[in-house]
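Only one structure is covered here, and it is reproduced in the block below.
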Amino acid sequence: MLTIDVLGGGNVGGGLAARWRDAGHAVRIVGRDEPIGADADVVLLAIPAAVVVGVVAERAEQLTGRVVIDATNDVSAPSSDLAGAIAAAAPGARVTKAFNTVFAALYDEIAAHPGGADMAWCGDDPEARTVTERLVQDAGFRPVDCGPLSAAPDLEGFARLVIRTAYTVGRGPFAYRFAAPGDLA
């Protein structure tokens, strides 16, 4: 069991908190002005992109040594590297990027069909990678390891494509699944 502090209790943060509680983790929703719990193993960042780096910088000392999962997206920028900026703002944190490419409105449906949808994620620190992959699975997704944290800008670009496809093109919220050639038969 992990102790997880979720910074932001909106659709993403609240939805993942529920999935992780169901998986047996101790989860707290923490407001932007509240301290991170001394016992938190993991901190999920699920707050607006416009404030996330500043909030992280203010809490850099609290985040030292912890696994920090960045679930944010800056949809207003043509390109971004929020995860890299977060890692720079809290150099002692072990930052990964995950949960930014699937719509929170689908979390319950995905949880009802574990492994039926993929979640792309990335990170550098070996322990943080293990923890993030576990939490991706515990939320009901099949983890797709996209490599080191330097892949985060690509995940953020993928998220912009997913969001554009859903709302600009009009497909609506969807999940995705990467299939290997042998899986296509």
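Residues are listed down the side, and each one gets a yes or a no for (1) of a type in the set (A, V, I, L, M); (2) at pLDDT 95 or above; (3) within 23 Å of ASP22 (Cβ to Cβ); (4) out of contact with any helix residue (DSSP H, G or I) (no Cβ under 8 Å at 6 or more places or on another chain):
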{"site": "HIS113", "(1), (2), (3), (4)": "no, no, yes, yes"}
{"site": "CYS122", "(1), (2), (3), (4)": "no, yes, no, no"}
{"site": "THR132", "(1), (2), (3), (4)": "no, yes, yes, yes"}
{"site": "PRO148", "(1), (2), (3), (4)": "no, yes, no, yes"}
{"site": "ALA151", "(1), (2), (3), (4)": "yes, yes, no, yes"}
{"site": "ASP154", "(1), (2), (3), (4)": "no, yes, no, yes"}
{"site": "ASP183", "(1), (2), (3), (4)": "no, no, no, yes"}
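Give the residue that is farthest from ALA50 (Cα to Cα), with candidates limited to residues of region 63-76 that are exposed (fewer than 15 other Cβ atoms within 10 Å of the Cβ) and without any contact (Cβ under 8 Å) to a residue 40 or more places away in the chain.
Checking each candidate, the answer is GLY65.
Between a first residue in region 143-158 that is under 22 Å from ALA111 (Cβ atoms) and among the charged types (D, E, K, R) and a second residue that is part of a strand (DSSP E or B) and at pLDDT 95 or above, which pairs have beta carbons less than 9 Å apart while being 6 or more apart in sequence or on different chains?
Matching pairs, first to second residue: ASP145/ALA120; ASP145/TRP121; ASP145/CYS122; ASP145/GLY123.
Can you say whether ASP39 is closer than 22 Å to LEU161 by Cβ, assigned to a loop (DSSP other than H, G, I, E, B) and charged (D, E, K, R), as far as the supplied structure shows?
no
Given the condition surrounded by 14 or more Cβ atoms within 10 Å (Cβ to Cβ), closer than 17 Å to LEU135 by Cα, of a type in the set (Gly, Ala, Ser) and at pLDDT 95 or above, answer yes or no: does some residue in region 77-95 qualify?
no
Within region 1-51, work out how many residues are under 20 Å from GLY65 (Cα atoms), of a type in the set (A, V, I, L, M, F, W, C) and in contact (Cβ under 8 Å) with a residue 60 or more places away in the chain.
3
Given the structure, is VAL52 crowded, with 19+ Cβ neighbours inside 10 Å, in contact with a Ser or Thr (Cβ under 8 Å, 6 or more places away or on another chain) and among the aliphatic types (A, V, I, L, M)?
In short, yes.
Can you tell me which of (1) of a type outside the set (Ser, Thr, Tyr); (2) at pLDDT 95 or above; (3) closer than 21 Å to PRO143 by Cβ; (4) surrounded by fewer than 17 Cβ atoms within 10 Å (Cβ to Cβ) is the one GLU109 doesn't meet?
(2)
Does VAL55 count as part of a helix (DSSP H, G or I), closer than 25 Å to LEU155 by Cα, over 12 Å from the mean Cα position of the chain (by Cα) and of a type in the set (Val, Ile, Thr)?
yes
Taking the conditions exactly as written (surrounded by 17 or more Cβ atoms within 10 Å (Cβ to Cβ), in contact (Cβ under 8 Å) with a residue 12 or more places away in the chain, β-branched (Val, Ile, Thr) and within 25 Å of ALA40 (Cβ to Cβ)), does VAL162 satisfy them or not?
So VAL162 fails the test.
Could you list, in sequence order, all residues of region 39-50 that are under 20 Å from ALA87 (Cα atoms) and over 16 Å from the mean Cα position of the chain (by Cα)?
ALA40, ALA50
The values are calculated or read from the model by the stated rules, or taken from the named source; none is laboratory data. Because the structure is predicted, anything quoted here is derived from the model rather than measured. Neighbour counts run over all protein chains shown; Cβ positions are idealised from the backbone, glycine included.
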